[in-house]
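One structure is given here, and the rest of the page talks about it.
Read-outs throughout are calculated quantities, based only on the coordinates presented, and are distinct from any laboratory measurement. Everything numeric here is computed off the predicted structure, so don't read it as measured data. Every residue, glycine as well, gets a Cβ built from its backbone with ideal geometry; the counts of neighbours run over all protein chains shown.
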Amino acid sequence: MSDLAYKKALTEYLEGFVSERRRGRLHEVLEERTNHMTLVLEDVYQTHNFSAVLRSADIFGIQTTNFIENRNKYKISEDVSMGSTQWLTLNRYQKFENNTQACLSDLKQQGYKIVATSLQKNSVSLDELDISKPFALVFGTELTGISKDVEGMADEFVKLPMYGFTESFNISVCAALCMHQLSTRIRKEVPNYGLTASEKEDIYIEWLKASIRKHDLIIKEFDEKYKAVNS
């Protein structure tokens, strides 16, 4: 049988371990998820910062975050993330000679425009940013911001207005403000901003797993039965 048939059978099997109310909630949240905007965190080193970004990403329905780990490693504080990581798709770039170039090249190949947060002369506001096509929003490391590699590969730059003496936001605050405004615009301005049917199928299975205790043992039992029937 095909991989599609396997996933359908697995989904139906796992649903038997989850209440109808829970399944309804999973579908409700899944319908509001989007990959029209994806996040990129480059060498963020404070655990509470990227944990807070992930928490906001879940709240605003941004499904995928990409971690670039050239110098700093990805670590999560569950006290800050509040379990949000189990509902998100997280991609880590840590094994390449230049993880920044590898990540942004992958995203470009997937059809994403690279939008870097930076106070460049040609930076546009969140209201001015063209969001008609999928885009990756890049945040740089604390203090120094985006790297030269990001500057060189970015298609556009975006900034937040600031009217005080301090010249930068905390990264988690900046990310939350950007996600709030841009996700609101996406839902108003972009038709079919949601996930594809294939994406929904795969993510729904992962969410069912996250909702079931000892799901690995349950899936092992399912696989044995599935192979016996279809061998």
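General observations
- Mean separation of Cα contacts under 8 Å (6+ apart) over length of segment 1-64, as relative contact order %: 37
- Bridge type composition, the chain - antiparallel percent by DSSP, nearest 5: 10
- Cα-projected label distance for residue 220 with residue 102, points at 7 Å along beta-carbon direction, nm: 3.1
- The chain: angle of helix 197-210 to the longest principal axis, Cα-based, in degrees nearest 10: 70
- Relative packing of 87-97, 103-113, 31-41, which averages over residues the other C-beta atoms within 10 Å, highest first: 31-41, 103-113, 87-97
- D (Stokes-Einstein, µm²/s), Kirkwood Cα radius, segment 129-231, 0.692 mPa s at 37 °C: 181
- Top positive-direction residue, dipole computed over the chain with Cβ charges, set 63, 215, 104: 215
- Assuming charge only on the beta carbon of Lys and Arg (+1) and of Asp and Glu (-1), the dipole of segment 36-194 about its Cα centre is about 200 debye to the nearest 20.
- Among the listed pairs 95/200; 8/75; 7/113; 95/121; 73/148, those beyond 25 Å (Cα-Cα): 95/200; 8/75; 7/113; 95/121
- Extension gain, residue 163 to residue 144, is 4.8 nm, computed as 0.36 nm per intervening residue step minus the present C-alpha separation.
- Amide hydrogen neighbours beyond the local backbone of residue 113, cut-off 5 Å, H modeled: 135, 136
- The angle separating the long axis of helix 47-60 from the principal Cα axis of greatest extent in the chain is about 70 degrees.
- For the chain: relative contact order, % (alpha-carbon pairs under 8 angstrom, 6 or more apart): 26
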